[in-house]
1. Kindly state, to the nearest 0.05, the FRET efficiency for residue 229 paired with residue 120, given R0 = 41 Å and r defined as their beta-carbon distance.
2. List 191, 250 from most exposed to least, where exposure is judged by having the fewest other Cβ atoms within 10 Å.
3. Based on alpha-carbon atoms only, what is the radius of gyration of segment 99-237 relative to the globular estimate 2.2 N^0.38 Å?
4. Ranked by Cβ crowding within 10 angstrom, fewest neighbours first, how are 115, 248 ordered?
5. Between residue 254 and residue 99, take the C-beta separation as r, use R0 = 30 Å, and let me know the FRET efficiency to the nearest 0.05.
6. Sort 130, 170 by Cβ crowding within 10 Å, fewest neighbours at the top.
7. With label points built 7 Å along Cα→Cβ from the Cα atoms of residue 152 and residue 213, find their separation and express it in nm.
8. Could you compute the FRET efficiency for residue 220 and residue 244, with r as their C-beta to C-beta distance and R0 at 41 Å, rounded to 0.05?
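Every number here is computed from the coordinates shown, using simple stated rules; none is lab data. Keep in mind that this is a model prediction, so the values were computed, not measured. Here the Cβ positions follow ideal geometry from the backbone for every residue, glycine too, while neighbour counts run over all protein chains shown.
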């Protein structure tokens, strides 16, 4: 019975990791933190502790179990910090999802995401149509540098097209040309990332998305950037493998 419960537990954890995005994981961590202070959660901890003899031996005393809950609380804080950068608070909900913003980007978090606004109204923005390498992958730093150097101290136009459930805004990002009237001369940052071989076209269909697909094909043909590697790993596959490895590690530790 105990092994069946443990197997079900890992099945649930696997489903959570497969189904939820990084932003939605914040809600899960928050739920865990709140539940940590309830008698119901402590009862679950006690039952879970009883599943494994090693856990029962280590956390048999009430003060040890309190320590275990405290460590879970710390893990929840770390999870929230990793999923959403400091001070990246969602802006107030608007009547319409689609709108424009102009100004300077104060902080870049990666090749395809950044923070926009000030302390009164902060936005966490993902560039539409492109998926750049994640930390730990080749060309992550180059993608981050392109985003930072291209937009540093320059006015940008952010055309918000969608908003995810986690309040992350998905947008087309343009560096405004010196001539405000020449909109066609504005630099499309997402498209430029793909042209420089610093991101994948994510397959999203939208107006002019065929330009992104064509730019990726040209970068791949000319072996620019990440396409110079024999078998570049897409970031979504990299994240999936990393999550699988984490789950396997947790399973291995639970069997020790």
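1. The value I calculate is 0.45.
2. 250, 191
3. Working it through for segment 99-237, the quotient is 1.01.
4. With the sparsest Cβ surroundings first, the list reads 248, 115.
5. Between residue 254 and residue 99 the formula returns 0.05.
6. 170, 130
7. Reported label-point gap for residue 152 and residue 213 is 3.6 nm.
8. 0.95
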